[in-house]
Amino acid sequence: MITADALSVQFGGTTLFSDVSFSINETDKIALMGKNGAGKSTLLKIIAGVSKPSSGAISAPKGTVIAYLPQHLLTEDDATVFEETSKAFASVFKMKAEIDALNDELTVRTDYESDEYYKIIEKVSELSEKFYAIEEINYEAEVEKVLVGMGFTRDDFTRPTSEFSGGWRMRIELAKILLQKPDLILLDEPTNHMDIESIQWLEDFLVNDAKAVVVISHDRAFVDNITTRTIEVTMGRIYDYKAKYSHYLELRKDRRVHQQKAYEEQQKMIAENMEFIERFKGTYSKTLQVQSRVKMLEKLVRVEVDEVDNSALKLKFPPAPRSGQYPVVVNELSKSYDDHVVFKDASMVIERGQKLAFIGKNGEGKSTMVKAIMSEIDFEGKLEVGHNVQIGYFAQNQAAMLDGNLTVFETIDQIAVGDIRTQIKNLLGAFMFSGDDTTKKVKVLSGGEKTRLAMIKLLLEPVNLLILDEPTNHLDMKTKDIIKDALKAFDGTLILVSHDRDFLDGLVTKVFEFGNKRVKEHFEDIKGFLEHKKMQNLDEIEK
């Protein structure tokens, strides 16, 4: 269907990738993988037609609709949520308006034999054929269905888009894409800022209703659930696997083992030949053999072993000072903003050493509860923070709170005390800040780099209650795995607000569900909670 032919991209003398070719078939669901900086987003932009390659081309059949959702949106604020979403049908509405205008013109013109009159008739016929070929759609019902699926309430439909956060505006853009019913959907990190229910809805749509999809995502469960093919961008080239992400990891491991073996055998052969050349290069009787081996080595195609990012070390949180038995006790807590009730009469008891998750749709009170524990907001009811509780807090906007004028090294150097001061460079290296990266100003860092830097600050102070509000947004899978391992080994109490099922799986043993102005306690891990929720929904359908 869509073909990438010999694509190459160079930036200021550096080659990002070269001679990349592949095709995207009508129902392909492809994960585009690779480490940060490998060129994934650039490749997606080229397929979308937003960027041009240095050489090579993208070809697609005439009339192919390609829809692209970038990682960072530039949205306008001149419409309500419903009006903005309805722009998905702008081309259809424009076509109808043009047909009506031309028909009106035909009714007033009297030059029936003129060329202009015949041209208008031809134009009306051509547009009408296109317009009536589009299956009849109840546009308002379609817009409503998609917006509700993306987590909007009917009250939200008439609100200006300017009232919504970046994450919600991303959903509006996603809704517009889904309504266009494109032949190919390109998604760059679509699940950042989305809650679990909305992600599940999106998964269902992409699997059952979308045609071809190419997605870049650090949400492993999301990628595994929707894709059946993985294209890896690494070291300037691509590898194409007919396998979902988790299977691709195994295949890639096998590939590296074979590469490493071939590389070692070749290096041994080169060394033996070099030794022969050095030993006999002045010996007359061996001249022909020496020349032959020199030529052979010159023509030799060297085996390359794909890079493995070993910059990430094992991280450990400092030992947690002992707190009281109950770090947080909440009793009949209520919070409202004017007439809007966030939650009412919420109660919870959090025991020392527990690792638990706050789950629920966006806007149902997860971050509000965290702010109440942090004494950042007023509330009704009772909330006690226990004896000797020392809190380490990672807010959703933690990355934005960093001082942009400091360098990466200065940011950590300012707060590091004791022995850790000698380990700052190692610590930065563990979070993939090495070499020149440490002297970069914070303001030039990407969202993921800022998140990693904010996370390092948490590692430097001994705490016994960690509260992390969406810590994995913008983090790649490798970094998430490192942080997850560190949190598993953390011997204090953990409260996690997250929509990342894979990150929560095996880490939390209890779930507090926020929804319908209530907080409900579930004594199960994230898998059990999700299975339980699906059963609940099926029961409701049967009723």
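Give region 433-452 a look and list any residue that's open to solvent by 20 Å² or more (accessible area, probe 1.4 Å) and in a helix (DSSP H, G or I), or say none.
GLY435, ASP436, ASP437, THR439, LYS443, VAL444, GLY447, GLU449, LYS450, listed by residue number.
Any idea how many residues of region 361-403 are of a type in the set (Gly, Ala, Ser) and in a loop (DSSP other than H, G, I, E, B)?
The number of residues fulfilling the criteria is 5.
Give just the number: which of (1) open to solvent by less than 20 Å² (accessible area, probe 1.4 Å); (2) assigned to a helix (DSSP H, G or I); (3) without any contact (Cβ under 8 Å) to a residue 60 or more places away in the chain does MET455 not satisfy?
Result: MET455 fails condition (3) only.
What tally of residues in region 388-416 results from selecting those that are open to solvent by 80 Å² or more (accessible area, probe 1.4 Å), within 30 Å of ALA346 (Cα to Cα) and of a type in the set (S, T, N, Q)?
Residues flagged as open to solvent by 80 Å² or more (accessible area, probe 1.4 Å), within 30 Å of ALA346 (Cα to Cα) and of a type in the set (S, T, N, Q) within region 388-416 amount to 2.
Out of (1) of a type in the set (A, V, I, L, M, F, W, C); (2) buried (at least 18 other Cβ atoms within 10 Å of the Cβ); (3) more than 19 Å from VAL519 (Cβ to Cβ), the odd one out for ALA372 is which?
Among (1) of a type in the set (A, V, I, L, M, F, W, C); (2) buried (at least 18 other Cβ atoms within 10 Å of the Cβ); (3) more than 19 Å from VAL519 (Cβ to Cβ), ALA372 violates only (3).
Inside region 472-491, can you point out the residues that are modelled with pLDDT of 85 or more and either within 13 Å of the chain's Cα centre (by Cα) or of a type in the set (Lys, Arg) (or both)?
LYS484, LYS488 - these are the residues of region 472-491 that are modelled with pLDDT of 85 or more and either within 13 Å of the chain's Cα centre (by Cα) or of a type in the set (Lys, Arg) (or both).
Would you confirm whether any residue within region 293-314 is touching a residue at least 24 places away in the same chain (Cβ under 8 Å), among the β-branched types (Val, Ile, Thr) and surrounded by fewer than 14 Cβ atoms within 10 Å (Cβ to Cβ)?
Yes, there is a match, as at least one residue in region 293-314 is touching a residue at least 24 places away in the same chain (Cβ under 8 Å), among the β-branched types (Val, Ile, Thr) and surrounded by fewer than 14 Cβ atoms within 10 Å (Cβ to Cβ).
GLU470 versus (1) more than 27 Å from LEU249 (Cβ to Cβ); (2) in contact with a strand residue (DSSP E or B) (Cβ under 8 Å, 6 or more places away or on another chain): which is the lone unmet condition?
For GLU470, the exception is condition (1).
So which of ALA101, ALA90 ends up being over 39 Å from the mean Cα position of the chain (by Cα) and surrounded by 10 or more Cβ atoms within 10 Å (Cβ to Cβ)?
ALA101
Quick one: VAL463 ticks every box in (1) modelled with pLDDT of 80 or more; (2) not in a loop (DSSP other than H, G, I, E, B) bar one, so which box is it?
(2)
Considering region 332-346 alone, what residues qualify as being in contact with a Leu (Cβ under 8 Å, 6 or more places away or on another chain) and open to solvent by less than 80 Å² (accessible area, probe 1.4 Å)?
Answer for region 332-346, where residues must be in contact with a Leu (Cβ under 8 Å, 6 or more places away or on another chain) and open to solvent by less than 80 Å² (accessible area, probe 1.4 Å): LEU333, PHE343, ALA346.
May I ask you to list the residues in region 484-523 that are open to solvent by 50 Å² or more (accessible area, probe 1.4 Å), outside any strand (DSSP E or B) and of a type outside the set (S, T, N, Q)?
Across region 484-523, the qualifying residues are ASP485, LYS488, ALA489, ASP491, GLY506, LYS517, PHE523.
Just for region 27-48: of the residues that are in a loop (DSSP other than H, G, I, E, B) and modelled with pLDDT of 90 or more, which one is least open to solvent (accessible area, probe 1.4 Å)?
This residue is ASP28.
Suppose we keep only residues that are hydrophobic (A, V, I, L, M, F, W, C) and either free of Cβ contacts under 8 Å to residues at least 60 places away in the same chain or out of contact with any Gly (no Cβ under 9 Å at 6 or more places or on another chain) (or both) within region 332-346. Which one would you say is farthest from ASP378 (Cα to Cα)?
VAL341
Filter the strands (runs of 3 or more DSSP E) completely within region 170-266 down to those with at least 1 residues that are within 26 Å of PHE17 (Cβ to Cβ), touching a residue at least 12 places away in the same chain (Cβ under 8 Å) and polar (S, T, N, Q).
229-234
When region 307-340 is examined, which residues are found to be of a type in the set (S, T, N, Q) and either closer than 30 Å to ASP155 by Cβ or modelled with pLDDT of 85 or more (or both)?
Across region 307-340, the qualifying residues are SER323, GLN325, ASN331, SER334, SER336.
Hey, does region 303-315 have a residue that's over 30 Å from MET455 (Cβ atoms) and in a helix (DSSP H, G or I)?
no
Filter region 198-229 for residues that are buried (at least 21 other Cβ atoms within 10 Å of the Cβ) and among the hydroxyl-bearing types (Ser, Thr, Tyr); which is modelled with the lowest pLDDT?
SER198
Any residue in region 270-288 that is open to solvent by 80 Å² or more (accessible area, probe 1.4 Å), modelled with pLDDT under 90, within 30 Å of the chain's Cα centre (by Cα) and of a type outside the set (A, V, I, L, M, F, W, C)?
No, there is no match, as no residue in region 270-288 is open to solvent by 80 Å² or more (accessible area, probe 1.4 Å), modelled with pLDDT under 90, within 30 Å of the chain's Cα centre (by Cα) and of a type outside the set (A, V, I, L, M, F, W, C).
Looking at VAL329, VAL385, VAL349, which one is of a type in the set (Val, Ile, Thr), free of Cβ contacts under 8 Å to residues at least 24 places away in the same chain and either open to solvent by 30 Å² or more (accessible area, probe 1.4 Å) or in contact with a Phe, Trp or Tyr (Cβ under 6 Å, 6 or more places away or on another chain) (or both)?
Checking each option against the conditions leaves just VAL349.
When LYS96 is evaluated against the numbered criteria (1) open to solvent by 60 Å² or more (accessible area, probe 1.4 Å); (2) modelled with pLDDT of 85 or more; (3) in contact with a Phe, Trp or Tyr (Cβ under 8 Å, 6 or more places away or on another chain), which criterion, by number, is the only one it fails?
Failing condition for LYS96: (2).
Going by what's in this entry, would THR158 be described as of a type in the set (Ser, Thr, Tyr) and open to solvent by 10 Å² or more (accessible area, probe 1.4 Å)?
When the stated conditions are applied, THR158 passes them.
Does region 6-26 hold any residues that are of a type in the set (A, V, I, L, M, F, W, C) and open to solvent by 10 Å² or more (accessible area, probe 1.4 Å), and which are they?
ALA6, PHE11, LEU16, PHE22, listed by residue number.
Going by the structure shown, is GLU142 part of a helix (DSSP H, G or I) and either surrounded by 10 or more Cβ atoms within 10 Å (Cβ to Cβ) or at pLDDT 80 or above (or both)?
Here the answer is yes, as GLU142 does meet what is asked.
Please work out which residue is surrounded by the most Cβ atoms within 10 Å (Cβ to Cβ), limiting yourself to region 230-244 and to residues that are over 25 Å from LEU504 (Cα atoms) and of a type outside the set (A, V, I, L, M, F, W, C).
Among them, the one singled out is GLU232.
The values are calculated or read from the model by the stated rules, or taken from the named source; none is laboratory data. Model, not experiment: these values are computed from the prediction. When we count neighbours, we look across all protein chains shown, and the Cβ atoms used for this are built from the backbone with ideal geometry, even at glycine. For the accessible areas, the whole protein counts, side chains as well, though only heavy atoms, and no ligand, DNA or RNA atoms are used. Shrake-Rupley method; radii C 1.70, N 1.55, O 1.52, S 1.80 Å.
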